[in-house]
Amino acid sequence: MCIFCKIVAKEIPSHVLYEDEGYLAILDISQVTKGHALILPKTHYDDFRVAPDDVSGKCISIAKRLSFQLEQTYAPLGYNLLSNCGEAAGQSVHHLHFHLIPRYDETDGLVLKFNAADHPDLKKIADEINQKK
Ligand code: 5GP
Ligand code: ZN
């Protein structure tokens, strides 16, 4: 059983922010920023690529609801909502989850930087991807 399945089964304690029949939102143990939450389905899916669309959709709607609560609690300036898929992307727990990370300022705990490529050939890239439709 994976660590999040154990949390769902209450074999491992967690701080619950939201729970219903099929979903759970908890505080991430590492709190990258204050209020950093994880939203997950109780059913195990490895990641968003293998989960049914409505499962990811429901996670995002729970994240939206939580963001309003965080708003009233800590008044963050913004949020990052992200799901790591694959070890190359930083996924360490292979049970679908979305991180909801409230953002406070540039010195908070999350560094997320998009390094733009020099002169990307957008047409070529789009053509290559679109060939696989
Ligand atoms: P990933 O790296 O897979 O995107 O995120 C996994 C997250 O799960 C990490 O941010 C990590 O801190 C969190 N995590 C790992 N083990 C536990 C745990 O036992 N309890 C809680 N609440 N979070 C955990
Ligand atoms: Zn699991």
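For this structure, a couple of remarks:
- Pairs, first in contact (Cβ under 8 Å) with a residue 40 or more places away in the chain and of a type in the set (D, E, K, R) in the stretch 34-57, second open to solvent by 50 Å² or more (accessible area, probe 1.4 Å) and part of a loop (DSSP other than H, G, I, E, B), C-beta under 9 Å, six or more apart: Lys34/Tyr104; Lys34/Gly109; Asp46/His94; Asp47/His94
- Among the residues listed as Ala88, Ala75, the single one being out of contact with any Cys (no Cβ under 9 Å at 6 or more places or on another chain) and within 21 Å of Ile3 (Cα to Cα): Ala88
- Residues satisfying the stated conditions in the stretch 110-133, i.e. free of Cβ contacts under 8 Å to residues at least 24 places away in the same chain and open to solvent by less than 100 Å² (accessible area, probe 1.4 Å): Ala116, Ala117, Pro120, Asp121, Ile125, Ala126, Asp127, Glu128, Asn130
- Taking strands (runs of 3 or more DSSP E) as the structural unit, those lying wholly within the stretch 1-70 and holding at least 1 residues that are surrounded by fewer than 18 Cβ atoms within 10 Å (Cβ to Cβ) correspond to 16-19, 23-27.
- Condition met for Thr107 (away from ligand 2 (no atom under 16 Å from the Cβ), touching a residue at least 12 places away in the same chain (Cβ under 8 Å) and surrounded by fewer than 16 Cβ atoms within 10 Å (Cβ to Cβ)): no
Per-residue answers, yes or no, for (1) at pLDDT 95 or above; (2) within 19 Å of Val8 (Cβ to Cβ):
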| residue | (1), (2) |
| --- | --- |
| Asp46 | yes, yes |
| Phe68 | yes, no |
| Gly78 | yes, no |
| His94 | yes, yes |
| Asp105 | no, no |
| Ala117 | no, no |
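The values are calculated or read from the model by the stated rules, or taken from the named source; none is laboratory data. Small disclaimer: the values here were computed from a predicted structure and weren't measured. Using ideal geometry, Cβ is built from the backbone for each residue, glycine included, and neighbour counts are taken over all protein chains shown. Just so you know, the surface numbers come from the protein's heavy atoms only, side chains and all, with ligands and any DNA or RNA stripped out. Shrake-Rupley method; radii C 1.70, N 1.55, O 1.52, S 1.80 Å.
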